[in-house]
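The values are calculated or read from the model by the stated rules, or taken from the named source; none is laboratory data. This is a predicted model, so every value here is computed, not measured. Here the Cβ positions follow ideal geometry from the backbone for every residue, glycine too, while neighbour counts run over all protein chains shown. These area figures cover heavy atoms from the full protein model, side chains too; ligands, DNA and RNA do not enter into them. Shrake-Rupley method; radii C 1.70, N 1.55, O 1.52, S 1.80 Å.
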Amino acid sequence: MAQGQGDYRILHEADLRDHLAGLPDIAARLGGEPAAWDVTEVGDGNLNLVFIVKGTHGGVAVKQALPYVRLVGESWPLPLSRAHYEYLALSRQAELAPGLVPALLHHDETLALTVMELLEPHIIMRKGLVAGTQYPGFAGDIATFMARTLFFTSDLALSAAEKKQGIAAFAGNHALCKITEDLIFTDPYRIAEQNRWTAPYLDALAASLRDDMELHVAISRLKLKFMASPEALLHGDLHTGSIMVTERQTRVIDPEFAFYGPMGFDVGAVLANLLMAYFASNGHERAPGERAAFEGWVLETIGQIWIEFSRKFLELWRAGGTGDAYPVSLFAGPQGAARLEAERQTYMQRLFTDAVGFAAAKTIRRIFGLAHNIDFELIEDAKTRSISEARAVRLARAMMVETGTFRTIGDVTGAARKLRDWMPELSG
């Protein structure tokens, strides 16, 4: 889908107030006189404007796409159509995983603007992890979200025609895919103007990535899989900055990178961000060992996510594998059922291997690419930060180049635990 700017305009606080006042359902939800509404721009992401609007009766969240990358500025234009794809994705995710995404209240395609329920008292999960907060319901929630959104948009559940229609609906979101292809799978491994890292301590490590041909082959294979394997509808940017939580609730937000791609990319993104939270944790300690319980919870949660995701995905497949892939007519009788079950296990092992590789790619880009994580960035002492980052990169390289040695999620968490106190050699 192509979308020109037409009557598009960037809405500042006063403009947004007037716009919402002209939407009867939204105005009633807010309550009171529009002049008294509290309108605050709170966007801390890389691409868009985000407002919180509160009236006497309630509040809403409003997101407007900008015609450029907010993090960089007007020198990096970006199509407004991404707001359309985000709306489509949220709508589909709401059908497939009810209660795990914010409710959609209004969408204006011309203004590239979406009004959603205001999530309170939810916070961005990444901020909670930096503070050392544990979220006991998260593993089950995110496993449900991924299992349902991935399975029900795959060939395992859909006819070939339905699947191809889904691919076509999101095929125009290639500008956002291009960002991923460059910033995650290419730039960290070459000299790129927008790369940055914790200098001078990681200078030698950055240079080693540019010279590591085994790593270049591994990341190129992952890039090809990302571009050429439309297995299911992905969120496309499923990190802890795109998840809002309380201790009991999880809501997934911001799927503007949505497209049909390899399932392991979404799963790997979640695992990577928890691994980074684990390695960053000691940099936020005020006293040695004070975050030990939190760090144990993070590793346990990583394990629970994969185990629960795999269990729930397989349950959906066994109960509703009516898609054109693996037709049930080919697996009749006890012998057929047993062979199909064995194939399901093989399928999940391949998916796990993909997730391990993509998790590694997501980790390295957050340390050497353009957009970084506050997990590391809020560690004030640069040397301490670089130690945490180097540990994460050491694991990530192994996960990407020696992927086959990670057969279980316990292999991943066990390797992370062993690197918790490893001391790297730093530059400078």
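Do we have PHE265 as closer than 14 Å to THR149 by Cβ, in contact with a Gly (Cβ under 9 Å, 6 or more places away or on another chain), open to solvent by 20 Å² or more (accessible area, probe 1.4 Å) and of a type outside the set (Gly, Ala, Ser) here?
On the way: closer than 14 Å to THR149 by Cβ: yes; in contact with a Gly (Cβ under 9 Å, 6 or more places away or on another chain): yes; open to solvent by 20 Å² or more (accessible area, probe 1.4 Å): no; of a type outside the set (Gly, Ala, Ser): yes.
No: the conditions fail for PHE265.
For the range 400-407, indicate whether the set of residues that are open to solvent by 10 Å² or more (accessible area, probe 1.4 Å), more than 21 Å from the chain's Cα centre (by Cα) and of a type in the set (Asp, Glu) is non-empty.
Looking for residues that are open to solvent by 10 Å² or more (accessible area, probe 1.4 Å), more than 21 Å from the chain's Cα centre (by Cα) and of a type in the set (Asp, Glu), one finds at least one in the range 400-407, hence yes.
Tell me, yes or no, whether the range 273-281 has at least one residue that is in contact (Cβ under 8 Å) with a residue 24 or more places away in the chain and surrounded by fewer than 23 Cβ atoms within 10 Å (Cβ to Cβ). Step through it out loud before you land on a result.
Taking the range 273-281 and keeping what is in contact (Cβ under 8 Å) with a residue 24 or more places away in the chain, we get 273-281.
Among the residues that remain, those that are also surrounded by fewer than 23 Cβ atoms within 10 Å (Cβ to Cβ) are: 281.
So far as the range 273-281 goes, yes, one or more of its residues are in contact (Cβ under 8 Å) with a residue 24 or more places away in the chain and surrounded by fewer than 23 Cβ atoms within 10 Å (Cβ to Cβ).
Which of the residues that make up the range 397-428 are part of a helix (DSSP H, G or I), closer than 28 Å to LYS223 by Cα and without any contact (Cβ under 8 Å) to a residue 60 or more places away in the chain?
ALA398, MET399, GLY404, THR405, ASP411, GLY414, ALA415
Which of the numbered conditions does ALA168 fail, given that it passes all the others? Conditions: (1) surrounded by fewer than 21 Cβ atoms within 10 Å (Cβ to Cβ); (2) touching a Leu at 6+ places or on another chain (Cβ under 8 Å).
All conditions are met except number (2).
Of the residues ASP108, ASP203, only one is over 26 Å from GLY43 (Cβ atoms), over 22 Å from the mean Cα position of the chain (by Cα), of a type in the set (Asp, Glu) and modelled with pLDDT of 95 or more; which?
Within the list ASP108, ASP203, the selection yields ASP203.
Does at least one position in the range 33-46 carry a residue that is free of Cβ contacts under 8 Å to residues at least 60 places away in the same chain, open to solvent by less than 50 Å² (accessible area, probe 1.4 Å) and either within 22 Å of the chain's Cα centre (by Cα) or closer than 30 Å to ASP182 by Cα (or both)?
Yes: one or more hits.
What do you reckon, is THR149 in contact with a strand residue (DSSP E or B) (Cβ under 7 Å, 6 or more places away or on another chain) and modelled with pLDDT of 95 or more? Explain how you work it out, then say what you get.
Working: in contact with a strand residue (DSSP E or B) (Cβ under 7 Å, 6 or more places away or on another chain): yes; modelled with pLDDT of 95 or more: yes.
Yes, satisfied.
Residues that are touching a Cys at 6+ places or on another chain (Cβ under 8 Å): which strands (runs of 3 or more DSSP E) entirely in the range 169-272 hold 1 or more of them? Explain how you work it out, then say what you get.
Values: elements: 232-234, 243-245, 250-252, 259-261.
Counting at least 1 such residues, we get 259-261.
In the range 67-79, is there at least one residue being small (Gly, Ala, Ser), touching a strand residue (DSSP E or B) at 6+ places or on another chain (Cβ under 9 Å) and either at pLDDT 95 or above or on the phi > 0 side of the Ramachandran plot (or both)? Don't jump to the end; show me each part of the working.
Of all residues in the range 67-79, those small (Gly, Ala, Ser) come to 73, 75.
Retained after the next criterion (residues that are touching a strand residue (DSSP E or B) at 6+ places or on another chain (Cβ under 9 Å)): 75.
Keeping just the survivors that are either at pLDDT 95 or above or on the phi > 0 side of the Ramachandran plot (or both) gives none.
Among the residues of the range 67-79, not one is small (Gly, Ala, Ser), touching a strand residue (DSSP E or B) at 6+ places or on another chain (Cβ under 9 Å) and either at pLDDT 95 or above or on the phi > 0 side of the Ramachandran plot (or both), which makes the answer no.
Taking the condition of being in a helix (DSSP H, G or I) and under 18 Å from TYR189 (Cβ atoms), how many residues in the range 357-378 meet it? If you could, list the steps in order and put the result at the bottom.
We begin by selecting, within the range 357-378, every residue in a helix (DSSP H, G or I); these are 357-368, 374-377.
Of the ones still in play, those that are also under 18 Å from TYR189 (Cβ atoms) are 357-368.
Result for the range 357-378: 12.
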